[in-house]
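Presented below is the structure to which this report refers.
No value in this document is a laboratory result; all are computed from the given coordinates. Note that the structure is a prediction, hence the values are computed from the model and not measured. Because the Cβ atoms are built from the backbone with ideal geometry, glycine has one as well, and the counts that use them run over all protein chains shown.
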Amino acid sequence: MNITLTVNGETVTADVLPRTHLVDFLREHLELTGSHLGCEHGVCGACTIRLDGAIVRGCLVLAVQADGGVVETIEGLSDSGEIADLQAAFIARNALQCGFCTPGMLMAAQDLLLHNATPTREEIREHISGNYCRCTGYQAIVDAVETTAKQRARAQ
Amino acid sequence: MKASAFDYVRAKSLPEALDLLARHGEAAKLLAGGQSLLPALNLRLSAPEILIDISHLPELRGISTTATSLRIGALTRHVELQNAALVAEHAPVLTQAIGHVAHAAIRSRGTIGGSLANADPAAELPACALALHARIVMQSPRGERVIAADDFFTGLFATALLPDEILTAVEINLAQPGDVHGFGELARRSGDYAIVGLAAQGRVQNGKLAALRLGYFSIGTKATLATKAAAILTAGGGIEAAAAALADDLEPHDDLQADAATRLHLARVLLRRVISGMMPSLKAAA
Ligand SMILES: Cc1cc2nc3c(=O)[nH]c(=O)nc-3n(C[C@H](O)[C@H](O)[C@H](O)COP(=O)(O)OP(=O)(O)OC[C@H]3O[C@@H](n4cnc5c(N)ncnc54)[C@H](O)[C@@H]3O)c2cc1C
Ligand code: FES
Ligand code: FES
């Protein structure tokens with residue numbers, strides 16, 4: 001099927017099979033491999049991307065469902081500088097080790113900070129509870145998100 | 001895993017969707033938010049020939065009120081339910097429950113119609129629909145049909161929906177003075193399906209709890225009303241007598257999360273917590 005969508009600001013037209021997941025389309029057709037695939041059934045959060053302004057599971061949306069939609073991936077958020085401070089805080093706090101979960105974790109963390117500029121640690125944990133990290137133990141990730149929230153509040 | 005091959009069609013109106021469903025019958029699956037259907041396809045638990053995407057149907061959208069009821073369109077996403085002022089005003093138990101459903105990246109797509117039609121025994125919304133005495137609105141080529149939530153959930157992932165019917169909306173009576181609600185669930189991690197959960201709705205009249213409905217989930221094969229326990233509580237029989245009666249009301253099951261005895265115990269823990277939250281005076285009496 002023919003689909004046309006916006007990915008990281010660029011219009012993309014492609015022919016896809018209905019069974020192709022949005023995240024596979026991004027990774028294989030567009031070679032945007034920043035979004036990862038862990039479980040392929042919605043549990044791990046590694047495939048988290050933005051569709052029409054809201055975070056979604058890239059493995060639980062078909063590419064054909066995104067026809068006419070606006071997709072933003074970790075590549076888009078990195079290039080635009082939208083999350084440069086969050087990324088710097090992740091590095092400073094050692095909030096990543098293997099990095100497999102990191103793109104999804106950053107997407108979820110930025111989503112929280114957009115909706116709640118001054119989250120408590122409890123609220124941070126709650127919001128990233130759908131994103132699994134098998135390396136860090138989460139503490140450093142919560143630190144990094146909290147630090148970024150405070151920096152942004154001070155910069156206001 | 002990846003899903004097996006299927007066709008996809010995006011319906012533009014309710015009549016078109018009904019027509020497609022009538023034409024393809026059992027070979028078709030309706031696709032709303034996809035947050036239960038796509039995992040099932042990916043795991044190859046389901047292999048339809050065609051998906052009929054109903055997520056763009058204008059007739060299934062929106063939250064509104066009439067003189068007597070709150071109407072929630074089937075396509076209302078979990079995040080919209082969570083943020084809707086009309087829902088918080090007239091059905092606050094839904095507002096409280098929805099935060100326990102999955103995670104933000106799933107609540108952004110999942111719909112109330114999909115959750116009710118899916119009838120997962122561990123899902124929050126079917127139990128809320130029972131507690132709220134909700135009415136389920138369905139459309140088929142024969143016209144509209146409305147049935148009580150009590151008659152809608154028929155078994156494990158089974159509902160009263162006929163193969164050619166689409167769930168279009170949920171209706172709930174407007175809130176009345178004295179309405180009280182409570183909600184509780186026990187889960188291992190935030191966002192996980194509960195080990196046991198309870199959605200409760202009632203009214204305080206002359207200092208007494210009345211019209212109480214206790215909707216349990218994740219205990220037995222479907223969302224279940226604990227009618228005996230509710231009758232004991234409204235007759236002034238006290239929380240402990242009601243907790244004892246849960247043994248008659250519920251049919252707890254064993255699974256990897258908990259055995260039946262643990263589930264019944266936890267159902268009683270939730271009853272004490274939720275009821276004493278709704279009626280602090282009952283806690284003192286217990
Ligand atoms: C990781 C994960 C965790 C989750 N945790 C929870 C949880 O804790 N609690 C919970 O309740 N849910 C949970 N869910 C499920 C989620 O709430 C789903 O959104 C919901 O169950 C189904 O809604 P949907 O719109 O996505 O339906 P879909 O997946 O699109 O459809 C589900 C089924 O209902 C049918 N259907 C959909 N809409 C209609 C309609 N209008 N009329 C007739 N049939 C229809 C479909 O054909 C399909 O068979 C979780 C999901 C995931 C992936
Ligand atoms: S790959 Fe999508 S949630 Fe795990
Ligand atoms: S850094 Fe390895 S999974 Fe999170």
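Data overview
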{"read-out": "Helix axis angle, A:139-155 relative to chain A longest principal axis, alpha carbon, degrees", "value": "80 degrees"}
{"read-out": "Exposure proxy order (Cβ contacts within 10 Å, fewest to most) of A:105, B:278, A:1", "value": "A:1, B:278, A:105"}
{"read-out": "Inter-chain shielding of B:32-38 (mean C-beta neighbours from other protein chains, 10 Å cut-off)", "value": "4"}
{"read-out": "Number of partner chain Cβ atoms within 10 Å, mean per residue of B:218-231", "value": "0"}
{"read-out": "Inter-part distance where the stretch B:145-171 and the stretch B:186-210 are each reduced to a Cα centre, Å", "value": "23 Å"}
{"read-out": "Rounded, prolate or oblate (a/c below 1.5 giving rounded, otherwise prolate when a/b exceeds b/c) for the protein assembly as shown by Cα gyration tensor", "value": "oblate"}
{"read-out": "Residue mean of other protein chain beta carbons inside 10 Å, A:14-23", "value": "3"}
{"read-out": "Cross-link partners of residue B:29 among aspartates and glutamates (Cα-Cα below 17 Å; sequence separation of 8 or more within a chain)", "value": "B:7, B:16, B:19, B:49, B:53, B:120, B:164, B:165"}
{"read-out": "Under 13 Å, Cβ to Cβ, from residue B:35 - net charge with Lys/Arg +1 and Asp/Glu -1", "value": "+3"}
{"read-out": "Kirkwood estimate for the stretch B:7-53, i.e. one over the average of 1/r between Cα atoms, Å", "value": "10.9 Å"}
{"read-out": "Whole-Hz couplings from phi, Karplus 6.51/-1.76/1.60, listed for the stretch A:69-84; x for Gly and Pro", "value": "x, 10, 10, 10, 10, 4, 4, x, 5, 5, 5, 7, x, 4, 10, 4"}
{"read-out": "Degrees separating the helix B:14-24 axis from the principal Cα axis of chain B, which is the longest one", "value": "70 degrees"}
{"read-out": "Other-chain or far-sequence residues with amide H under 5 Å of residue B:169's (modelled H)", "value": "B:74, B:137"}
{"read-out": "Protection proxy ranking, peptides B:101-110, A:121-130, average beta carbon neighbours within 10 Å, highest first", "value": "B:101-110, A:121-130"}
{"read-out": "Span per principal axis, largest first, for the Cα atoms of the stretch A:1-120 (Å)", "value": "44, 26, 23"}
{"read-out": "Amide hydrogen neighbours beyond the local backbone of residue A:62, cut-off 5 Å, H modeled", "value": "A:22"}
{"read-out": "Proximal lysines relative to residue B:208, as straight alpha-carbon distance under 16 Å, when same-chain residues fewer than 8 apart are discounted", "value": "B:283"}
{"read-out": "Rounded, prolate or oblate (a/c below 1.5 giving rounded, otherwise prolate when a/b exceeds b/c) for chain B by Cα gyration tensor", "value": "prolate"}
{"read-out": "The stretch B:52-165: C-alpha gyration tensor shape, a/c 1.5 cut-off, then a/b vs b/c", "value": "rounded"}
{"read-out": "Near-label residues of the stretch B:152-184 by backbone N, under 16 Å of a point 7 Å along Cα→Cβ of residue B:210", "value": "B:175-181"}
{"read-out": "For the stretch B:3-9, Karplus couplings with θ = phi - 60° (6.51, -1.76, 1.60), whole Hz, Gly/Pro x", "value": "5, 6, 6, 7, 8, 9, 9"}
{"read-out": "Proximal charge balance of residue A:6 [Cβ under 12 Å; K/R count +1, D/E count -1]", "value": "-3"}
{"read-out": "Sequence-distant residues sharing a close amide H with residue B:205 (under 5 Å, placed H)", "value": "B:210"}
{"read-out": "From phi via Karplus (6.51, -1.76, 1.60), per-residue ³J(HN,Hα) for the stretch A:43-49 in Hz, x at Gly/Pro", "value": "8, 9, x, 5, 9, 4, 9"}
